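Asks: Please read through the structure below; I'll follow up with questions.
We did not get these values from a lab; they are worked out from the coordinates using the rules stated. Just so it is clear, the structure is predicted and the values come from calculations on it, not from any experiment. For neighbour counting, all protein chains shown are included, and Cβ atoms are generated from backbone atoms with ideal geometry for every residue, glycine included.
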Amino acid sequence: MIRLHKTALATFASPLLVLGVAVSTICCVGCSDGGVRVTGTVADPRGVPAPAVRVLFRHVEQPSIKANGLTDESGHYTLRRGSEELVPAGAYDVALTPVQTLGDTIPHTVKVPIVYGSFDTAGLRVEVSNASKVHDFAIHASTSR
């Protein structure tokens, strides 16, 4: 009877052990890939840094994954997802939109053609990985790019 009990326990525990190891492995793999810190610059048609431009990234395979950044005075941005500066690796569609800011007394808006404001029309796609984490964009004056 004791031998039968051990066999039954081993039969029951074995799949649980395999399941536990599998779940732990999946969790560890997910945790070890904390994401990528993506930075870059945006320049206007003259090559001058473009401040106050919202840079939007949308994951191609998982569109619910989105990140955005705002360019500073030097045209530099860092992507964020909520409070995090890390985004999952993968292909992303990109959109660029101007943000009106109030300077000393005159509102300043970078001229960004409307075509850049949509993921579907901007025509910008990048691959985010540890090897590819700096993405610079140049705004073209023509909307017929």
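Asks: Nearest 20 debye, what's the magnitude of the dipole of region 39-138 about its Cα centre given +1 on Lys and Arg Cβ and -1 on Asp and Glu Cβ?
Replies: Working: 9 positive and 11 negative charges, 28 e Å.
Here region 39-138 has a charge dipole of around 140 debye.
Asks: What does the charge count around Thr41 come to, taking other residues whose C-beta lies under 12 Å from its C-beta (Lys +1, Arg +1, Asp -1, Glu -1)?
Replies: It works out to a net charge of -4.
Asks: Output wanted: per-residue J couplings in Hz (rounded whole) for region 118-132, from phi through Karplus 6.51 cos²θ - 1.76 cosθ + 1.60, θ = phi - 60°, x for Gly and Pro.
Replies: 3J(HN,Hα) across region 118-132, in whole Hz: 10, 4, 6, 10, 5, x, 10, 9, 10, 10, 9, 7, 4, 7, 9.
Asks: Of Val128, Val55, Val60, how do they rank once you tally other Cβ atoms within 10 Å and put the fewest first?
Replies: Values: Val128 22, Val55 25, Val60 15.
Fewest-to-most Cβ neighbours within 10 Å comes out as Val60, Val128, Val55.
Asks: Once the other residues with Cβ under 9 Å from the Cβ of Ile139 are scored (Lys, Arg +1; Asp, Glu -1), what is the net sum? Can you show the working numbers first?
Replies: Numbers: positive: Lys111; negative: Asp44.
Local charge sum for Ile139: 0.
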